[in-house]
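Novice: I'd like to ask you about the structure that follows.
The values are calculated or read from the model by the stated rules, or taken from the named source; none is laboratory data. None of the values given here were measured: they were computed from a predicted structure. Here the Cβ is made from the backbone with ideal geometry for all residues, glycine too, and neighbour counts use every protein chain on show. What goes into the accessible areas is simple: the full protein's heavy atoms, side chains included, and nothing from ligands, DNA or RNA. Shrake-Rupley method; radii C 1.70, N 1.55, O 1.52, S 1.80 Å.
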Amino acid sequence: SIIINLLNLLQKKSKFKTVDKNSKITQVRWNGNISYGNTNFIGDLNINTQRKFLPNIALSLKLNKEFSTKNSLQFGLITGRNSGENTPNLNTPFFKFRSQFTQAYIAYRKALTAPSLKNIQIHLISGVGYHYGEIEFTSEFGEVTSKTPANIWSIVFPIGLEMSYYIKEDWGVILSFTDQMFGRDNIDLYEDSSNGLDHQLILNLGFCFKFK
């Protein structure tokens, strides 16, 4: 009976070790990134490359809550500038808009690379969020110029790719590309139903990190 009791004790210890090991595998971890880059508005008022313009910029902060090696939830905050204009002619005034915007969103983040790849990671994101912009809309026709300030909001649907390269175990560099589809067609205060809803592209480069 002593031998049987000893075997039962060893089996219990083995089960405890297995549970403890599995709990470490499924442990929730946090990581994130800070990045900076350009935005490109694609809507009714697109940027006319024949005119001189300054690139639009965006600063992003993203935090990811991992639930497994493949799946995580992303919380994002983006602030930046946007602009666009049309191509005027004799019958069409020149329209342009400038916008300072802020976005907050939540997204599902799916790993496309194998967990065995520690240095290089590629993730697909898809989510929903809120866009708020302070806009100045300008109309010029001949010598007549009018400016209209406005605030505008919209639901936004971001979808994109993130490519991370970890130089060290807890930090590295990240390149992200996101296409953001808006829930309305007048983000630029100009509406033309012939080309669908407005959206914007964001290309950012920055640093990624992990929390211990």
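Novice: Can you give the extra length, in nm with one decimal, that the chain gains between Arg184 and Leu59 once fully stretched, where that is 0.36 nm per residue apart less the Cα-Cα distance?
Specialist: Taking 0.36 nm per residue and subtracting the Cα distance, the gain is 42.7 nm.
Novice: Now for a separate question. Could you pull out every residue, at least 5 positions away or on a different chain, whose amide H is within less than 5 Å of the one on Phe67? Hs are placed 1.01 Å off N in the peptide plane, and Pro or chain starts have none.
Specialist: Distant-sequence amide H within range of Phe67: Ser72, Leu73.
Novice: Determine the per residue accessible area of the stretch 69-128 with all protein chains present and a 1.4 angstrom probe, expressed in square angstrom.
Specialist: In whole numbers, the stretch 69-128 has 50 Å² accessible per residue.
Novice: Sort the following peptides by mean Cβ neighbour count (other Cβ atoms within 10 Å, averaged over residues), highest first: 143-149, 88-94, 163-169.
Specialist: 163-169, 88-94, 143-149
Novice: If you don't mind, there's one more thing I want to ask. With all protein chains present, how much of the accessible area of the stretch 101-143 (probe radius 1.4 Å) comes from carbon and sulfur, to the nearest whole percent?
Specialist: Here it works out to 61 percent.
Novice: Assuming 0.36 nm per residue, please report the length gained on full extension of the stretch Lys118 to Thr148 beyond their Cα-Cα distance.
Specialist: This chain segment gains 5.7 nm when fully extended.
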